[in-house]
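The values are calculated or read from the model by the stated rules, or taken from the named source; none is laboratory data. Every value quoted in this text rests on a predicted model; they were computed, and no experiment measured them. Because the Cβ atoms are built from the backbone with ideal geometry, glycine has one as well, and the counts that use them run over all protein chains shown.
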Amino acid sequence: MRRPLFVAISAIVIAIIAIAVYVGRHRFLPSSHTSEPAADAIQSRVQDTLLTDLDGRQFRPSDYRGKVLLVNFWAAWCAPCAEEIPQFVALQNKYRDQGLQIVGVSVEDIESELRAFCTRNHVNYPVVPGNQTIADSFGGVLGLPTTILIGRDGAIYKKYPGATDFSILEQDFRPLLAAAH
């Protein structure tokens, strides 16, 4: 009678430890906690941090003022993140001429593996190796994947934590694309 109870308790303890290790490995915590933004609310402006993409090109978020910017925090080792990349590539192709710009911010990836991933997946937008400063400049990132929608005016309109629902994302950014700049 004691053995099944011991096995059950041991399994629970192991599960708790595994969850703690997973969360510790897969969380990208901001220096200050930010709450989820309300729908359609402008939360803040993006800090104008200097970014350098995988090709060595430097730019700032303000360089995209006048465009609708989707910033996707992701990692090649994160399965839900990697599954989203083809959809971001398709959105960039579909809406580029209407003023959409996607920027990927890779978190905790080895650069050579990141380059190989981007080549294999035909990533058609800038990818920036990320760090805490970059995450903080976009209002903080609590986990991966996280996508941030920024209007033509440089204001953060919405954050999408977790796997992206692309139908909702597209529904949210299309009015921003249609707005006069």
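General remarks:
- Test: residue in the range 73-90 that is on the phi > 0 side of the Ramachandran plot and either touching a strand residue (DSSP E or B) at 6+ places or on another chain (Cβ under 7 Å) or part of a loop (DSSP other than H, G, I, E, B) (or both): no
- Scanning the range 111-137 for residues that are of a type in the set (Gly, Ala, Ser) and touching a residue at least 40 places away in the same chain (Cβ under 8 Å), we see that the one that is surrounded by the fewest Cβ atoms within 10 Å (Cβ to Cβ) is SER137.
- Residues in the range 138-174 that are assigned to a helix (DSSP H, G or I) and crowded, with 21+ Cβ neighbours inside 10 Å: PHE173 only.
- Residue among THR146, THR164 that alone is in contact with a Gly (Cβ under 8 Å, 6 or more places away or on another chain), modelled with pLDDT of 95 or more and among the hydroxyl-bearing types (Ser, Thr, Tyr): THR146
- Residue ID - nearest to VAL89 (Cα to Cα), chosen from residues in the range 107-122 that are among the charged types (D, E, K, R) and touching a Leu at 6+ places or on another chain (Cβ under 8 Å): ARG115
- Residue ID - nearest to the chain's Cα centre (by Cα), chosen from residues in the range 99-110 that are touching a residue at least 60 places away in the same chain (Cβ under 8 Å) and within 18 Å of LYS158 (Cα to Cα): LEU100
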